[in-house]
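**Q** Handing you this structure, nothing more for now.
The values are calculated or read from the model by the stated rules, or taken from the named source; none is laboratory data. These figures come from a predicted structure and were not determined experimentally. Virtual Cβ from ideal backbone geometry, glycine too; neighbours counted across all protein chains shown. Heavy atoms of the whole protein, side chains included, go into the accessibility calculation; ligands, DNA and RNA do not. Shrake-Rupley method; radii C 1.70, N 1.55, O 1.52, S 1.80 Å.
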Amino acid sequence: MSLLERESSLASLSEYAADARAGEGRLVLVSGEAGVGKSTLVEHLQHDLPDSRWTWGGCDGLFIPRPLGPLFDLASQLGGDLLDLTRSHAAREDLFGALLRQLNEPGALNVVVVEDAHWADEATIDLLRFLGRRVRSCEALVIVTYRDDAMAANHPLRLALGELATHRSTRRIGLAPLSEGAVRVLAGGTGLSASELYRLTSGNPFYVTEVIQAGTGDVPPSARDAVLARVTRLSDPSRTVLNAAALIGTRIDLPLLESVTRCPPSVVDELLASGLLVGDTTSLRFRHEIARLAVEQALGAHRHVLVHARILASLRSLGCGDGAQLAFHADGAGDAAAVLEYAPAAARHASELGSHREAAAQYERALRSSAGGQPAVVAGLCDGLSHEMSLLDRWQDAADTCERALALWRQLGDRASESRRLRLLSCAMWRMCRGNEALSAAASAVTTVEPLGPSVELAWAYAGLAGQEMMRGEHAAAIEHAQRAQRIAEPLGASEVMSDALDTEACSLAAMDREWTPRLRRALEIAVSAGHDEQAGRAFSNLFSVLCAEQRFAEAERYFVDGVAYCDEHDITTFATCLRGERVSSLEKTGRWDDAVALSIELLDRAAASPVNRLCPLAMLGIIRVRRGEPGGWACLDDAMALAEATEQPQQIVPLRLARAEAYWLDGKPDLARVEAELAADVCGSLDRWERGAVAGWLRRVGSTRSVQGELAEPFQRMLGGDAKAAAQAWVGLGSAYQAALALSDTDDAPLLREAVTTFSQLGATAAARLTQQKMRLLGIRSIPTGARASTRSHPLGLTRREREVLDRVCEGLTNAEIGTRLFISAKTVDHHVSAVLAKLGAPTRSAAASEARRLGLVPAVAAAGPAR
């Protein structure tokens, strides 16, 4: 097919190739709907760069993806160290490093193509993140194609794309369907109606080509019919081979196809000549997934079973070691014994490579085939599945699977395994904000295994109990049990337990205002060096959280950056979400409210996020909305309070009580604010000096006679001592402008109150500004500051700074992806800002918003120059 309406995209690819050849490596994301011509575009570039070294890898949507499938494809073509490492089952960090080294080899431009990334497993997505951070220093061009028309909002690739867009080496190319004019060119001389062809295909190049090549003289009702029309022209032997190829996958190993079908070379030649398959000397592939699906769906279900069985037999005879592929065909063949042989091994391999979503799917596949199986086998599968679910933040599923495993281990009388499941069940209960059940399960884990004497499992049980006690504020008991766990674990070489117990001990020490950093840093060091990904994620999360709680934001920043990178690259969804949730709190404390709101909404949109991971985003979104006088604030605070109370944990309850106290205070309801502050005071005794100080501050602000025992952090000491100016200065030094303004608003000093109003207005805290202005009027103070902050006065509809930036770029005609790249934020975050802009402008579409913005003079002339998309 001619390359129509792709000249600018091909020119961009050629430009990026030139950059890479000059030593400025590029990662290019090529997106578009199925059949729009992504692969065709890349193939044209390959034709234009004959002196480059090309390697291709692809993700297969036929079965649960094999972990790092594209990397293994690349290894077979690149050879060298990378191929050797794949054959020796090396760790994925070694595989990633080997690929990068081979991309750095001099002599020619290295072009790596990863196709169909919308089917990528987590490990492959992590590989893309790895390359995105490092390819800039290579003489390499990495091209990633993916469909953007059917990806869920929480799809792992979509989340990764937002991060990749922030790297200087990343470029994007989006392909749109062909215009009616281009379809008319392609239909020339065929006798087909160009307008009818365009109406049927909507300009999709694959559909257009299939209809034309079907050669029927009529426009078929679907592309599927067009594909099948081509299939009917094949000989019977070729159709038989094509059917088997459709069930093998998008990419077909030629020796495997020959083993399954006993096809002679002439049949392969006919399939290649038909255009349905393309390939080289060792492998074939369908020219497009739509064609494969059409052939597969036309094959009867009973024939699926027979073909899958032949494929499985051939894979075994050829010595195939790909567990994911073997498990898929065993499942398709209805061979339960083979599924139980291959799926668990595939799951373990996926887990080792960090593809936890695929690992969970393989365990689920195995469990579906386990009816009537040995209880120990089924319990082991449940163990594996519950662990994978826990890493994916799917805690209800993890709990359900734990309960099933528990019943089986109790039936078998295996107390060590029973204790292990109780410990994970305890974690699941905590993640679901069921605090009492979490503590009960942790205690049962100890009593179950304690009679068996010292063991790794007993160390884990003590560590698990310590974690629950720490979360409930029972710090002395937590430290005692964490230290017991360490004493057992250290001589046994159980480094993962050591990391976990050190982590918990450090967090309890921090809450008691004692030295904690050496232990928590050691916990992180142990976890990273030993490859304990879950514990590394926990240590990163707690280091960031505790440092932020102590207002040490600059020091905390590196743990956030490094921690998110580590968790994303190792597919530790639970702690990646924890880190981002705590990030919301740090953004709120440092006055970056627009970013806090955007991130909160993004996290809350993730359907799989556990209840405990929703707590902080809900609370921060709620209190910022109340401060700004925006709707929806109380709904968020109510939802968060229900979750916090269910945890039975002061560190979750107290911040929510104080947020609600502030919200009532801002709403002019001091009596209700006092109730919330005093409820917080009832349970704050086990918290650190910062939380106790916050409680003391709100008790005083709302007129309570209650006091808080224990040392308070410096800003609160100064405020309670009557030196509001010094307290405000301390808060400013910590980067917390809102807290500084609150301290100033507690005085009767006119200049300090004016300063408070100014700061509130700059932050957009309209409710606090209004209260302070009312106080000034009651005190008889003149020259009261009024109006919104200067940065929003020019926007009569009250757009925030970030919303103005987004509006400017909407008026330039940029897409969400392009805006995200320009502003270094994810496309999902841009989408939320665009929705807010449309609502505030009362505009139904982006074009209408751009027109309204120009009418109101809200955008500069340069922004108004471009068309709105």
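**Q** What percent antiparallel are the DSSP beta bridges of the chain, to the nearest 5?
**A** 20 percent
**Q** Same structure, new question: Counting only Cα atoms, I'd like the Rg/Rh figure for region 35-142, Kirkwood definition for Rh.
**A** With Rg and the Kirkwood Rh in hand, the quotient comes to 0.95.
**Q** With +1 assigned to the C-beta of every Lys and Arg and -1 to the C-beta of every Asp and Glu, and no other charges, what is the dipole magnitude of the chain about the Cα centre in debye, to the nearest 20?
**A** 2240 debye
**Q** Separate question: Need one value: the accessible area of S179 in square angstrom, 1.4 angstrom probe, rounded to the nearest 10.
**A** Rounded to the nearest 10, that gives 40 Å².
**Q** Here is a follow-up. Working only with C-alpha atoms, what are the Rg and Dmax values of region 264-331, expressed in angstrom?
**A** That works out to 13.5, 33 Å for Rg and Dmax.
**Q** Positive end of the dipole of region 499-618, charges at C-beta (+1 Lys, Arg; -1 Asp, Glu), about the Cα centre: which of A549, H570, A501 has its Cα farthest in that direction?
**A** About the Cα centre, the residue reaching furthest to the positive side is A549.
**Q** Report the far tail of the P(r) of region 296-451, meaning the percent of Cα-Cα pairs longer than 27 Å.
**A** So the portion of pairs separated by more than 27 Å is 32 percent.
**Q** Rounded to two decimal places and with Rh computed the Kirkwood way over Cα pairs, what is Rg over Rh for the chain?
**A** Rg/Rh: 1.01.
**Q** Heavy-atom accessible area of W665 with all protein chains present, probe 1.4 Å, nearest 10 Å²?
**A** The accessible area of W665 comes to roughly 40 Å².
**Q** Which log10 I(q)/I(0) values does region 482-531 give at q = 0.17, 0.23, 0.30 Å⁻¹ under the Debye formula, counting every alpha carbon as one identical point scatterer?
**A** At q = 0.17, 0.23, 0.30 Å⁻¹ the computed log10 ratios are -0.45, -0.76, -1.08.
**Q** Which values of log₁₀ I(q)/I(0), to two decimal places, follow from the Debye formula for region 221-272 at q = 0.22, 0.27, 0.28 Å⁻¹ with a uniform point scatterer at every Cα?
**A** Normalising to I(0) and taking log10 leaves -0.81, -1.10, -1.15.
**Q** What does the convex hull of the alpha-carbon atoms of region 637-795 project to on average, in nm²?
**A** Approximately 9.9 nm², given one-decimal rounding.
**Q** For R87 and A565, FRET efficiency with R0 = 22 Å and r from the beta-carbon atoms, rounded to 0.05?
**A** 0.15
**Q** Taking the square root of 5 times each eigenvalue of the Cα gyration tensor, what semi-axes in Å does the equivalent ellipsoid of region 161-270 have, largest first?
**A** Each semi-axis is √(5λ); the values are 31, 27, 10 Å.
**Q** Taking θ as phi - 60°, what are the ³J(HN,Hα) couplings along region 729-746 by the Karplus curve (6.51, -1.76, 1.60), each to the nearest whole Hz, with x for Gly and Pro?
**A** 4, 5, 5, 4, x, 8, x, 10, 5, 5, 5, 4, 5, 4, 4, 5, 5, 7
**Q** Let me ask something else about it. Where does helix 336-352 land angle-wise versus the long Cα axis of the chain, in degrees 0 to 90, nearest 10?
**A** 50 degrees
**Q** Could you state the principal axis extents of the C-alpha atoms in region 580-631, from the largest down, to the nearest angstrom?
**A** 29, 23, 15
**Q** Any chance you could run the full-extension gain for V278 through L778? It's 0.36 nm times the residue separation minus the Cα-Cα distance, nm to one decimal.
**A** Extending this stretch completely gives an extra 171.8 nm.
**Q** Sticking with this one: Residue separation times 0.36 nm, minus the C-alpha to C-alpha distance between D682 and R522: what's the value?
**A** 54.2 nm
**Q** For a test of understanding, tell me how many lysine pairs in the chain have Cα atoms under 29 Å apart, given they are 8 or more places apart or on different chains.
**A** So the count works out to 11.
**Q** Quick one: angle between helix 689-701 and the longest Cα principal axis of the chain, in degrees between 0 and 90, rounded to 10, please.
**A** That works out to roughly 60 degrees.
**Q** Same structure again: On the full set of protein chains, 1.4 Å probe, figure out the accessible area of R420 and give it in Å² to the nearest 10.
**A** Solvent-accessible area, nearest 10 Å²: 70 Å².
**Q** In nm, what is the difference between 0.36 nm times the number of residues separating L452 and E258 and their Cα-Cα distance?
**A** Additional length available on full extension: 64.2 nm.
**Q** Pairing the Cα long axis of helix 633-647 with the longest principal axis of the chain, what angle in degrees results, from 0 to 90 and rounded to the nearest 10?
**A** Approximately 90 degrees, to the nearest ten.
**Q** Now a separate question. Dividing the Cα radius of gyration by the Kirkwood radius, what Rg/Rh value follows for region 543-602?
**A** Rg divided by Rh gives 0.96.
**Q** Between V28 and residues 5 or more places away or on another chain, which pairs have amide H atoms under 5 Å apart, with H built 1.01 Å from N, and which residues are they?
**A** Correct list: V142, I143, V144, R171.
**Q** Rounded to the nearest 500, what is the 222 nm mean residue ellipticity of the chain from helices alone, with -39500 (n - 2.57) per DSSP H run of 4+ residues and division by all residues?
**A** -21500 deg cm²/dmol
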